[in-house]
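Reviewing the structure listed below.
Coordinate-derived values only; no laboratory data. Note that this is a predicted model, so its numbers are computed, not measured. For neighbour counting, all protein chains shown are included, and Cβ atoms are generated from backbone atoms with ideal geometry for every residue, glycine included.
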Amino acid sequence: MPAQNGVLPAKCTRCAAELLSPVVCSGCQSIYPMPSGVDHFQLLGLERTFRLDEARVKASFRALARSVHPDHFTGASGEVAALATRLSAAVNEAVAVLSDPLRRADYLLTLAGGPSAVEVREVPGSLLTEVMILREQIEEARSAGRNDELERLRATLSASRGAALETVAARADSLPQASLEERREFRKLLNSIRYYDNLLSEVSVDPMHAAKTTHD
Amino acid sequence: MAYSDKIIDHYQNPRNVGSLDGNARNVGTGIVGAPECGDVMKLQIQVDEQDRIVDAKFKTFGCGSAIASSSLATEWVKGRTLDEALQIKNTDIVQELALPPVKIHCSVLAEDAVRAAIADVKQKKEQASPRPAGAAAR
């Protein structure tokens, strides 16, 4: 539903067929420059929601990527070829953001007016203390060669990350109606997931390459 | 990227690594983090009766610049009063260690950790010795 906000042309100006995406005609395959203000969801013809169907995202992406692929426009004017290159980049960026739950949630928060990760760097409650303790536990388990303990920590972290992402999923679609305070809390939640991701990469990293701490 | 000798020295021989008793009334703990890189830094200070910092310890999980920044910060706060320690600016750390621009946030983290530790110990002291209510009216 690319024309949902009323600013996009609904029909191709060349063949009058429906536009399935704001940048491609489904009939004559003409390509159009990105209208200003088109978001990643609109570009891919998807509903603006956190709960996207992954298969649909992929299908939309494939169809669109094929339509705007610069290879189809090698015989076209330099201007059209350049447009195809720009659109391809935009389509790739859109799918990269929308296929990753964390980036998708971040993007929905941005569309709702933020705050950005630079503006709010805090995390919920005592998470930093928790992260500090987990880091120490990972380090102790590693230096003691306790792979079972590392595995236990990895499972705990993975569960914490999963729980945080569930909260994100439950709140993401009400962001447009959320207060600034609620959006700040949402940003903190996203920040917490970044810490979990960092810890998870730490717990699974090859010990030979883990010389990143101060400790002997 | 070329790092200064001072960063490398603090990274390879970090000063004051460790922990103080976080429950002690005269110990302040600051834990700060940088969500973008996942670094966490714990900096603790111990003060005497005159609010002078007599000991400082840190534990940092992060890059070399974050470790060097917190190591330097613990060296600098020792011997200062709390109010003097508040004067330490991240830009001083940047200058001393010649931190590259992409690592300036590490010095910000160290300054934040010092401030958080100071705030923590100040709060503890106020709770331990509340001014008598109505003292001003006497």
Taking Cα atoms, the helix A:101-111 axis meets the longest principal axis of chain A at an angle in degrees (rounded to 10) of 60
Search the structure for amide H atoms under 5 Å from the amide H of B:D39, placed 1.01 Å from N in the peptide plane, and list their residues when 5 or more places away or on another chain.
-> B:A34
About its Cα centre, the protein assembly as shown carries a charge dipole, from +1 on Lys and Arg Cβ atoms and -1 on Asp and Glu Cβ atoms, whose size in debye to the nearest 20 is 620
Under a straight-distance cross-link criterion of Cα-Cα below 17 Å, which lysines are reachable from B:K103, leaving out those fewer than 8 residues away in the same chain?
-> A:K212, B:K6, B:K89
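Please work out whether the protein assembly as shown counts as rounded, prolate or oblate from its C-alpha gyration tensor, where a ≥ b ≥ c are the square roots of the eigenvalues and a/c under 1.5 means rounded, while otherwise a/b larger than b/c means prolate and anything else oblate?
On the way: a/c = 2.45, a/b = 2.12, b/c = 1.16.
Taking the square roots of the gyration eigenvalues as a ≥ b ≥ c, the protein assembly as shown is prolate.
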Return the distance in nm (one decimal) between the two label points of a simple spin-label model at B:N13 and A:E166, each offset 7 Å from Cα along Cα→Cβ.
-> 5.1
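Using the Cα centre as the reference, give the magnitude of the dipole from point charges on the C-beta atoms of the stretch A:1-99 (Lys, Arg: +1; Asp, Glu: -1; all else neutral), rounded to the nearest 20 debye. Intermediate values should be presented prior to the final figure.
Values: 9 positive and 8 negative charges, 26 e Å.
Computed about the Cα centre, the dipole is about 120 debye.
Which shape class, rounded, prolate or oblate, goes with the stretch A:1-99 when its Cα gyration tensor gives a ≥ b ≥ c as root eigenvalues, a/c under 1.5 marks rounded, and past that a/b bigger than b/c marks prolate?
Values: a/c = 1.83, a/b = 1.31, b/c = 1.39.
Oblate, since a/c reaches 1.5 and b/c is not below a/b.
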Taking the dipole about the Cα centre of the stretch A:84-130, with the C-beta of Lys and Arg at +1 and of Asp and Glu at -1, give me whichever of A:A84, A:V95, A:L109 is farthest to the positive side.
-> A:A84
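Would you mind getting me the FRET efficiency between A:E136 and A:T85? Use the beta-carbon distance for r and R0 = 35 Å, nearest 0.05. Before the final figure, lay out each step's value.
Values: r = 49 Å, r/R0 = 1.41.
So the FRET efficiency works out to roughly 0.10.
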Taking r as the C-beta separation of A:D197 and A:A59 and R0 as 30 Å, the FRET efficiency to the nearest 0.05 is 0.60
Residues of the stretch B:42-58 with amide N under 16 Å of the 7 Å Cα→Cβ point at A:T129 = B:42-45
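Please rank B:K57, A:K58, fewest neighbouring Cβ atoms within 10 Å first, as an exposure proxy. Please report the intermediate quantities before stating the final value.
Working: B:K57 19, A:K58 12.
Fewest-to-most Cβ neighbours within 10 Å comes out as A:K58, B:K57.
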Two-site label geometry, B:T91 and B:S4: point separation in nm, points 7 Å out along Cα→Cβ | 1.5
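Run the helix sum for chain A: -39,500 (n - 2.57) per DSSP H stretch of 4+ residues, divided by residue count, reported at 222 nm to the nearest 500 deg cm²/dmol. Walk me through the numbers before you get to the answer.
Working: 7 runs with 119 residues, N = 216.
The helix contribution divided over chain A gives -18500 deg cm²/dmol.
Roughly speaking, what is the stretch gain from A:Q29 to A:D148, that is 0.36 nm per residue apart minus the C-alpha to C-alpha distance, in nm to one decimal? It would help to have the intermediate numbers written out before the result.
Values: separation 119, 0.36 × 119 = 42.84 nm, distance 5.65 nm.
Stretched fully, the A:Q29-A:D148 segment lengthens by 37.2 nm.
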HN-Hα couplings for the stretch A:57-63 via Karplus (6.51, -1.76, 1.60; θ = phi - 60°), in whole Hz with x for Gly/Pro, come out as 4, 5, 4, 4, 4, 4, 4
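When B:C106, B:C63 are ordered from fewest to most other Cβ atoms inside 10 Å of their Cβ, what list results?
By the 10 Å Cβ count, ascending, the order reads B:C63, B:C106.
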Taking 7 Å along the Cα-to-C-beta vector as the label spot, tell me the B:D21-A:S77 distance in nanometres, rounded to one decimal.
-> 8.1
Can you sort B:T60, B:T81, A:T13 so the residue with the fewest Cβ neighbours within 10 Å comes first?
-> A:T13, B:T81, B:T60
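Taking the Cβ of B:Q87 as the centre, find all other residues whose Cβ is under 12 Å away and add up their charges (Lys, Arg: +1; Asp, Glu: -1). Present the calculation step by step, with values, prior to reporting the outcome.
Details: positive: B:R80, B:K89, B:R115; negative: B:D83, B:E84, B:D92, B:E111.
Local net charge: -1.
Assign one of three labels to chain B, namely rounded, prolate or oblate, based on the Cα gyration tensor with a ≥ b ≥ c the square roots of its eigenvalues; rounded applies when a/c is under 1.5, prolate when it is not and a/b is larger than b/c, and oblate otherwise. It would help to have the intermediate numbers written out before the result.
Details: a/c = 2.30, a/b = 2.28, b/c = 1.01.
Prolate, since a/c reaches 1.5 and a/b exceeds b/c.
Below 8 Å between Cα atoms, with a sequence gap of 6+, how large is the relative contact order for chain B in percent?
Values: 246 pairs, mean separation 41.0, N = 138.
Across chain B, relative contact order equals 30 percent.
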Which whole number gives the average, over all residues in B:52-65, of C-beta atoms from other chains lying within 10 Å of the residue C-beta?
-> 3
